[in-house]
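Colleague: Structure below; questions to follow.
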Amino acid sequence: MQKKVWIGLEGMEFYARHGVYEEEQKIGGKYIVDVWVHTNTQKAEQNDELDGTVNYVQIYTAVQKNMQEPVKLIERLARKIIDDIRLFVVKEDTIRVKIRKLNPPLGYKVEASVVEMED
């Protein structure tokens, strides 16, 4: 039986222009993104080589690319990030993305709107 572990990056901060409303697209806002990949790291544990695990730089690059391409909904953003990460992980891996849009423009005090998606 293959042993799987969750690995990933938490707290990636970005300033981006995602949003349904014109003001959000114009002014932008702060986002925090967490990404985890549930993968088999047995080869990396034994051989101490990067090719037996997920490369953190690739994760960050996939998130950064998508944060620079404005979309209306953070649900769409999460899907695009998962789709890009899926290109370099094995198909059996599970990917989880959490996106927090800080201080969403709702007219009242809300710390963040959040989407967490797993595929």
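Colleague: Return one number: the angle in degrees, 0 to 90 and rounded to the nearest 10, between the long axis of the Cα atoms of helix 74-86 and the longest principal axis of the Cα atoms of the chain.
Modeller: Value to nearest ten degrees: 20.
Colleague: List the residues of region 58-98 whose backbone N lies under 17 Å from a point placed 7 Å from the Cα of GLN25 along the Cα-to-Cβ direction.
Modeller: Only 67-77 pass the distance filter.
Colleague: Next up: How tilted is helix 56-67 with respect to the longest principal axis of the chain? Cα atoms for both, answer in degrees (0 to 90, nearest 10).
Modeller: 20
Colleague: A further question follows. If you take every residue apart from ASP93 with its C-beta less than 9 Å away from the C-beta of ASP93, what net charge results, scoring Lys and Arg +1 and Asp and Glu -1?
Modeller: Within the 9 Å Cβ shell, the charges total +2.
Colleague: Output wanted: per-residue J couplings in Hz (rounded whole) for region 17-31, from phi through Karplus 6.51 cos²θ - 1.76 cosθ + 1.60, θ = phi - 60°, x for Gly and Pro.
Modeller: With the stated coefficients, region 17-31 comes to 10, 7, x, 6, 8, 4, 4, 4, 5, 7, 7, x, x, 9, 10 Hz.
Colleague: Compute from the Cα atoms of the chain the Rg and the Dmax, the latter being the longest Cα-Cα distance, and quote both in angstrom.
Modeller: 15.8, 53
Colleague: Now, a different point. Per the Debye formula with a single identical scatterer at each Cα and no solvent contribution, what log10 I(q)/I(0) holds for region 52-119 at q = 0.17 Å⁻¹?
Modeller: -0.65
Here, each number is a calculation from the coordinates, and none is a lab measurement. Because the structure is a prediction, the values reported are computed rather than measured. Methodologically, a virtual Cβ is constructed for each residue, glycine included, from the backbone with ideal geometry; neighbour enumeration extends over all protein chains shown.
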